[in-house]
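Step one of this worksheet: look at the structure below.
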Amino acid sequence: MRFVTPPVPDVSGVPELADRWGVSRQMAARVVERPGFPAPRKLAMGRVWSDEDVATWEAAERAAGRPIPGESPRGYRAGDGPPRGGRRS
């Protein structure tokens, strides 16, 4: 008899989402509480989100003109934008 293992979807917890977006874990924890963010799957280890659901949410946010975490409205990633304040040479 051969057992077939059902496919397991790719999932991410808050630390993986923080890495994905280039933000702190605290910021990622706030983002997952936003209205409209996909519902988590609850495991004994904690909450996880389907990577497919997160990608769909990111696409909808961009389509609505809202930056995803770690992006500014101009499309810069955190830390990649133009310098702030100070003198420009």
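The values are calculated or read from the model by the stated rules, or taken from the named source; none is laboratory data. Keep in mind that what you see is a predicted model, and the values were worked out from it rather than measured. Ideal geometry is used to build each Cβ from the backbone, glycine not excepted, and the neighbour counts take in all protein chains shown.
Of note, residue 70 satisfies the criterion of being buried (at least 16 other Cβ atoms within 10 Å of the Cβ), in contact with a Gly (Cβ under 7 Å, 6 or more places away or on another chain), of a type outside the set (Asp, Glu) and at pLDDT below 95. Scan segment 3-47 for residues that are part of a strand (DSSP E or B), small (Gly, Ala, Ser) and within 14 Å of the chain's Cα centre (by Cα) and the total you get is 1. Does segment 26-33 contain any residue that is in contact with a Gly (Cβ under 7 Å, 6 or more places away or on another chain) and surrounded by fewer than 12 Cβ atoms within 10 Å (Cβ to Cβ)? No: zero hits. Scanning segment 34-52 for residues that are within 13 Å of residue 68 (Cα to Cα) and either without any contact (Cβ under 8 Å) to a residue 12 or more places away in the chain or surrounded by 17 or more Cβ atoms within 10 Å (Cβ to Cβ) (or both) gives a single hit, 34.
Scoring residue 46 on the criteria (1) modelled with pLDDT of 90 or more; (2) out of contact with any Gly (no Cβ under 9 Å at 6 or more places or on another chain) leaves a single failure, condition (2).
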